[in-house]
Amino acid sequence: MTLDPFQLPESLNLAEVFLFQQARRRPQAPALYFEGEVITYGQLAEATNRATAVLKGLGLELEQRVLLMLPDVPQFASAWFAAVKAGGVVSAVNPQLKADEVTYYLNYTRAKVLVTDAATVPTVDAVRGQCPYLRHVLVVGAPGRHLSYDDELAKVTPDESFAPTHRDDACVWLYTSGSTGFPKAAVHKQHDFVFNALTYGLPVMGLGPTDVGLSVPRLAFGYALGTNLLFPLLAGGAAVLFKEKPTPEALFPLFQRYRPTVLTAVPTALNQLLNAPGVEQVDFSSLRLAVSAGEALPAELYARWKKVTGVEVLDGIGSAEMFHIFITNRLGDVKLGSLGKVVGGYRAKVCDDEGRELPRGEVGTLWVSGDSMALEYWQQHEKSKATFRGDWCVSADKFQQDDEGYYFFCGRGDDMLKVSGKWLSPVEVENALLQHPAVREAAVIGFKDADGLEKPKAFVAVHPGQTADEALSEALKAHVRSSLAPFKAPREVVFVDALPRSDRGKVLKTALRG
């Protein structure tokens, strides 16, 4: 079935589109690689049909929610596809959560079924009494007193049926980054994922049957869910999964073993790979592409990555509200420091506080429109009205667009600084600091000086062997003044061992503000 992203059929199920079409055509082709095992399309489809039977046997009905709290293992894929195949609404969260976070997600989703792994069971058991909606726990690995996911799948007859889902049915919740309080869920429809896959995933990434994906971000996040599961499978390719923490030490052997062609990353991860011992011995020659999102990619880091690996990086921006990337650089069309141009099928504009589009070159709020936009934030009516305005999603990000149509990220709205009566983008100062040879990581926030005026403050982690002292602090200030307007130079420099980051790899500037 050939799909037109602008004329999708009313009857639509994500499991059918992303998995079963390929499973019928190429059942013996590799779909997933995991710990030396090859899972074919036929095997993944079989596991999904069995998981569908298990979920329905536990009472899952149309539109009921299933929560996944799993590392990147094959069971994540079969459980995710089974939930949507059965007509449920699936959401996934980081398995390494604290007890209060587990309680929050179980009660917020009101999930009757949780699929998790053995390492998480003690936390789930500790909060079970506070989660009245949870009925069943399926565990990958040693289940304890719960149901074993794999054993339950082995017992049942595969259920090959598809729920009669509509293209506009809610089917997936994706969570915001949660910069304030617990994350909120953006409620997505069946067709959102197909639309983005057909406008960004396949045409921009150029995915095909010979591609093998490898991802630093985990499948619980929409970014990796797209680039390292849904998009490769739709193209007939394969994805490498691994459950360990995505450190350079874990990733380097996977390049050798599986020869991936596409790397999904964030700037922090690219920096860590480049700074890791032994990177000079890693063979990156199988890679044809790296994609980066989550935070702006500094030009200095892009240049260093290209020099060491020879691999192009396509920096882009997506969001939980839009599912995936909607502005990106492209192969043969990369403008350093920018996030590229709008993806086909999407529209974007830079607006003032009243929603009026600004002239190119001026800094304002990014508005984006496209047919992968979420319906709402769950249980956040007022916030939903402020964000989802007709065809447009109003982001929290400040951007400017140049005369050629390239978009430049200036910072989140609450990160922008007004210094000496002029707007200052922390990203610009951070990029300047990163060009100093002593600097490994940098983040810039605002602080009030003795006169109550806002000034920039830099938090800096230095490379091994560098001395973090007053002399370096003054040198860094002078370095920024030499490349930017003097008012943009940090008034204070605080040296840290490492910047605090979220599980998505984003710098937690709220923690730096104290």
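Given Lys98/Lys184; Lys448/Lys509; Lys383/Lys506; Lys184/Lys385, which pairs have Cα atoms separated by over 19 Å?
Violating the 19 Å Cα-Cα cut-off are Lys383/Lys506.
Would you calculate the separation in nanometres between label points at Gln466 and Glu35, each defined as 7 Å from the Cα along the Cα-to-beta-carbon direction?
Roughly 3.9 nm, to one decimal.
Compute for the range 275-331: radius of gyration divided by Kirkwood radius, i.e. Rg/Rh, restricted to C-alpha atoms, rounded to two decimals. List each step's numbers first, then the result.
Details: Rg = 13.0 Å, Rh = 12.6 Å.
Ratio of gyration radius to Kirkwood radius for the range 275-331: 1.03.
At 7 Å along the Cα-to-beta-carbon direction for both Gln379 and Lys245, put a label point, then send me their distance in nm to one decimal.
Inter-label distance under the simple model: 3.1 nm.
Kindly provide the helix-only [θ] at 222 nm of the chain, computed as the sum of -39,500 (n - 2.57) over DSSP H runs of four or more divided by all residues, to the nearest 500 deg cm²/dmol? Please list the in-between numbers first.
Values: 17 runs with 145 residues, N = 514.
Calculated at 222 nm, the ellipticity per residue is -8000 deg cm²/dmol.
Would you kindly compute the Cα radius of gyration of the range 238-322 and its largest Cα-Cα separation (Dmax), both in Å?
Looking at the range 238-322, its Cα Rg and Dmax stand at 12.6, 40 Å.
Which distance in nm do the two modelled labels at Glu354 and Glu454 give, with both placed 7 Å along the Cα-to-Cβ direction?
2.1
Students often forget the sequence filter, so: which aspartates and glutamates lie under 15 Å Cα-Cα from Lys455 once same-chain residues fewer than 8 apart are removed?
Asp414, Asp415, Glu428, Glu430, Glu492
What number results when the radius of gyration of the range 373-504, computed over Cα atoms, is divided by 2.2 N^0.38 Å?
On the way: Rg = 17.8 Å, N = 132, 2.2 N^0.38 = 14.1 Å.
Rounded to two decimals, the normalised Rg is 1.27.
Can you give the Rg and Dmax of the range 214-256 based on its C-alpha atoms, in angstrom?
For the range 214-256, the Cα-based Rg and Dmax read 10.6, 30 Å.
With only alpha-carbon pairs counted, each pair once and no self-pairs, how large is the Kirkwood hydrodynamic radius of the range 138-189 in angstroms?
About 14.7 Å, per the Kirkwood formula over Cα pairs.
Quantify, in whole percent, the carbon and sulfur part of the accessible surface of the range 1-48 (1.4 Å probe; protein heavy atoms only). Can you show the working numbers first?
Values: 1160 of 2320 Å².
Accessible surface attributable to carbon and sulfur in the range 1-48 totals 50 percent.
Quick one: with all protein chains in place, what share of the accessible area of the range 110-177 is carbon or sulfur, to the nearest percent (1.4 Å probe)? Kindly include the intermediate steps, with their values, before the conclusion.
Working: 1620 of 3250 Å².
Of the solvent-accessible surface of the range 110-177, carbon and sulfur hold 50 percent.
What does the accessible area per residue of the chain come to in Å², with a 1.4 Å probe and no ligands, DNA or RNA counted? Could you put the intermediate results ahead of the total?
Values: 20690 Å² over 514 residues.
I get 40 Å² per residue for this part.
Suppose R0 equals 22 Å. What FRET efficiency, 1/(1 + (r/R0)^6) with r the Cβ-Cβ distance, do Arg481 and Glu362 give to the nearest 0.05? Don't skip to the end; give the middle numbers.
Numbers: r = 25 Å, r/R0 = 1.12.
E between Arg481 and Glu362, to the nearest 0.05, is 0.35.
Which GluC sites (Glu not before Pro) in the range 316-392 pass both tests, a DSSP loop state and at most 11 other beta-carbon atoms within 10 Å? Walk me through the intermediate numbers first.
Values: sites: Glu321, Glu354, Glu357, Glu362, Glu376, Glu382; in loops: Glu321, Glu354, Glu362.
Listed in order of number, the matching sites are Glu354.
What lysines does Lys155 reach when the alpha-carbon gap must be under 18 Å and sequence neighbours fewer than 8 apart in one chain are set aside?
Reachable lysines: Lys56.
Can you pull the Rg over Rh of the chain, Cα-only, Kirkwood?
On the way: Rg = 23.0 Å, Rh = 23.8 Å.
Result: Rg/Rh = 0.97.
In whole Å, how far is the Cα centre of the range 226-261 from that of the range 466-514?
33
Percent antiparallel among DSSP beta bridges with both residues in the chain, to the nearest 5?
On the way: 48 of 84 bridges.
Rounded to the nearest five, the antiparallel share is 55 percent.
The values are calculated or read from the model by the stated rules, or taken from the named source; none is laboratory data. Everything quoted here is computed from the prediction, not taken from an experiment. Cβ sites come from the backbone with ideal geometry, for glycine too, and all protein chains shown count toward neighbours. Just the protein is used for accessible areas: all its heavy atoms, side chains included, with ligands, DNA and RNA removed. Shrake-Rupley method; radii C 1.70, N 1.55, O 1.52, S 1.80 Å.
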